[in-house]
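Novice: Please find one structure pasted underneath; my questions will follow.
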Amino acid sequence: MGSCHAPTALRADWQAQLRQAREDLGFEYVRFHGILSDDMGTLICQDNKFLYSFFNTDQVFDYLLSIGMRPIVELSFMPTALSSGGETVFHYRANITPPRNMADWSALIHKLVSHWVQRYGVEEVSRWYFEVWNEPNLPAFWTGGQQAYFDLYEASANAIKGVDAALRVGGPATAQNAWLDEFMQFCRERKLPVDFVSTHFYPTDAFGEIGADTLTQLEHAPLDVMRERALAARDRAQALPLLYTEWNITSNPRDPLHDSSFAAALAVRIAMSVDDIVDAYSYWTFSDIFEENYFPSQPFHGGFGLLNLHGIKKPIYKAFELMAALGDRHYPIAQTHGTVMLWVGEQSYNAIETHVLCINQAMPRHAIATEDIALCLHNQPGQRARAVTIKSINADNCNPALLWQQMGSPEYLSAAEITELQQSTELLETQASFETQGKQTLLSFQAAPQSVTFLRIEWEHQDHDVQSESASSEPADTSAAASLALQSAERLV
């Protein structure tokens, strides 16, 4: 998952939120900008002498390792001491120019990576990912153009591999799947090491008119756009691991959709649809502790985060919880409904439960309605459902932003208000009706518009599965069937 720039990783509240996300959601890696920027003090120049200090980077990585996480090390931005110009990005003025002298850049990368290997050991650091720069295809992040980026990659990759060949380096870390073919060709021609391919994509990228608002961009985005783009990138990456090191439901850092159940439902659609394509899919970002434009103070301002400034779980955070709970063996239930998608799953170590995850989701300004869903699970011999529970994320459940508005939208929360908002995010698990008919368990429930629903089926015996053990790597079409009834009252959202 992603984060704001490296200095925020030194904050106690950032660290507490990261630990919580790690424990609740199981994320293993975190990525952020600016490990080389001046505000980390990694390299400065005084009296015409380079001064290196890796203390702050160590503080960050020590903490990550202490909670069982690892970094995707984005090598950015340019230390002023090495920069060829004064162009910057964000309010913290990160330098986005190429190095004035590539040898000095190479020396920095070699010294820094050597230090980490000495501190943490090559066995540990070889499990990190070193990603060269951030979105160099966008002039806002890189003034040098394509060839200058390729030169930067060459110098960086050689410096990293010069420390130890086992270390992993990749790129091009571009926005919108850009430069993948050119990057791969350049590396082949120059015989450069590439251990993974990385890029970014958002469903708002390049849809609708240039400069259109987020709702219009999403209105024009196909529902399966993220899967389509991931498949295209997978083809270009060939056999290499494919890492999407940024994605979100929009690229707008201040959009109310991020605080809504719409974000939860769309995130489930996206994440589940690319699960079989990508090797890593890093959500941008885990927290609203984020200051690229400015540091916000409003508790719900449409920030990127899964958690708000106070660590209050947004609907999308709870959606990631439900995806994590679905199980390490999960399969889509075949159906052709326009807004509803379902998956069935279970944990390989827990054969007494089956889980069903359902979304009812449409892009803005497209028709959507509450749906009655009938689900049939085919039991294994001797198997019988003991209980079925259900919990949902929708406009009426797990909506702390709405509760905050009902409080009068206070800009600065009291301790009591924070507690009340935190409590409002708890998903109530209620008993659901079900019926056993012979070898089948019949379930029925409603899915509200822009919702995520999770069902937990407890079995009386352990010898069950939604598919046979001998075919556990493939979904079984006969294991589950879903029939969906459209309601007559449609909504445009």
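Novice: Using a Förster distance of 45 angstrom, determine the FRET efficiency expected from the C-beta separation of Lys439 and Asn293, and round it to 0.05.
Specialist: On the way: r = 57 Å, r/R0 = 1.27.
So the FRET efficiency works out to roughly 0.20.
Novice: Okay, moving on. Can you give the % of DSSP beta bridges in segment 1-134 that are antiparallel, to the nearest 5?
Specialist: Antiparallel: roughly 45 percent of the beta bridges in segment 1-134.
Novice: Looking only at the chain, where both bridge partners belong to it, what percent of the DSSP beta bridges are antiparallel (to the nearest 5)?
Specialist: Antiparallel bridges: around 70 percent, rounded to the nearest 5.
Novice: Let me ask you something else. So which trypsin sites (Lys or Arg not before Pro) in segment 81-173 are both in a DSSP loop and have at most 10 other Cβ atoms within 10 Å of their Cβ?
Specialist: none
Novice: Taking loop as defined by DSSP and a crowding limit of 16 other beta carbons within 10 Å, which trypsin sites (Lys or Arg not before Pro) in segment 225-284 fit? Intermediate results must be reported in sequence, preceding the final value.
Specialist: Working: sites: Arg227, Arg229, Arg234, Arg236, Arg254, Arg269; in loops: Arg254.
Those that pass, being in a loop and sparsely packed, are Arg254.
Novice: Here's something else I'd like to know. When Trp247, Trp179 are ordered from fewest to most other Cβ atoms inside 10 Å of their Cβ, what list results?
Specialist: Trp179, Trp247
Novice: Tell me, Ser451, Ser409 in order of fewest to most beta-carbon neighbours within 10 Å?
Specialist: On the way: Ser451 28, Ser409 11.
Fewest-to-most ranking of Ser451, Ser409: Ser409, Ser451.
Novice: Which value, to two decimals, describes the C-alpha radius of gyration of segment 215-294 once divided by 2.2 N^0.38 Å?
Specialist: Against the compact-globule rule of thumb, the ratio is 1.17.
Novice: Just add up the charged neighbours of Val113: K/R +1, D/E -1, any other residue whose Cβ is under 10 Å from the Cβ of Val113.
Specialist: +1
Novice: In degrees, nearest 10, range 0 to 90: what is the angle between the Cα axis of helix 145-163 and the longest Cα principal axis of the chain?
Specialist: Taking the Cα atoms of the chain, the angle to 145-163 is about 90 degrees.
Novice: Using amide H atoms built 1.01 Å from N in the peptide plane, name the residues 5+ places from Arg31, or on other chains, whose amide H lies under 5 Å from its own.
Specialist: Excluding prolines and chain starts, which carry no amide H, the hits are Gly2, Ser3, Ile72.
Novice: Here's something else I'd like to know. Calculate the dipole size of the chain relative to its Cα centre from +1 charges on Lys and Arg beta carbons and -1 charges on Asp and Glu beta carbons; express the result in debye to the nearest 20.
Specialist: 540
Novice: Summing -39500 (n - 2.57) over the DSSP H runs of n ≥ 4 in the chain and dividing by its residue number, what mean residue ellipticity at 222 nm do you reach, to the nearest 500 deg cm²/dmol?
Specialist: Using -39500 (n - 2.57) per qualifying helix, the result is -8500 deg cm²/dmol.
Novice: While we're on this one: Positive end of the charge dipole of the chain (Lys, Arg +1 and Asp, Glu -1 on Cβ, about the Cα centre): tell me which of Val89, Ser251, Ala148 has its Cα farthest that way.
Specialist: Value computed over the given set: Ala148.
Novice: Please compute the modelled spin-label separation between Arg188 and Gln347, points set 7 Å along Cα→Cβ, answer in nm with one decimal.
Specialist: 4.5
Novice: Any idea how far the Cα center of segment 1-22 sits from the one of segment 180-257, in Å?
Specialist: The two parts, judged by their Cα centres, are 25 Å apart.
Novice: Hey, another quick one. Please name whichever of Phe300, Gln431, Val125 sits farthest to the positive end of the charge dipole of the chain, dipole taken about the Cα centre and charges placed at Cβ: Lys and Arg +1, Asp and Glu -1.
Specialist: The residue sitting farthest along the positive end of the dipole is Val125.
Novice: Treat every Asp and Glu Cβ in segment 86-220 as -1 and every Lys and Arg Cβ as +1, leave all other atoms uncharged, and give the resulting dipole magnitude about the Cα centre to the nearest 20 debye. Working shown, then result.
Specialist: On the way: 10 positive and 17 negative charges, 137 e Å.
With Lys and Arg at +1 and Asp and Glu at -1, about 660 debye.
Novice: Please arrange Lys314, Lys439, Lys391 by how many other C-beta atoms lie within 10 Å of their C-beta, fewest to most. Spell out each step's value before the answer.
Specialist: Values: Lys314 27, Lys439 12, Lys391 20.
Least crowded to most crowded, the residues run Lys439, Lys391, Lys314.
Novice: (1) 38, 30, 19; (2) 42, 25, 22; (3) 62, 23, 20: which one is semi-axes √(5λ) of the Cα gyration tensor in Å as calculated from this entry?
Specialist: (2)
Novice: Same structure, new question: Net charge near Gln185, counting Lys/Arg +1 and Asp/Glu -1 over other residues with Cβ under 14 Å of its Cβ?
Specialist: Result for the neighbourhood of Gln185: 0.
Novice: Shifting gears a bit: Apply the Karplus curve 6.51 cos²θ - 1.76 cosθ + 1.60, θ = phi - 60°, to the phi angles in segment 284-299 and return the couplings in whole Hz, x for Gly and Pro.
Specialist: Computed from phi, the couplings for segment 284-299 are 10, 9, 7, 9, 7, 6, 7, 9, 5, 8, 5, 7, x, 10, 5, x Hz.
No value in this document is a laboratory result; all are computed from the given coordinates. The structure presented is a predicted model; accordingly, all values stated were derived computationally and were not measured. Don't worry about glycine lacking a Cβ; one is built from the backbone with ideal geometry, like all the others, and counts go over all protein chains shown.
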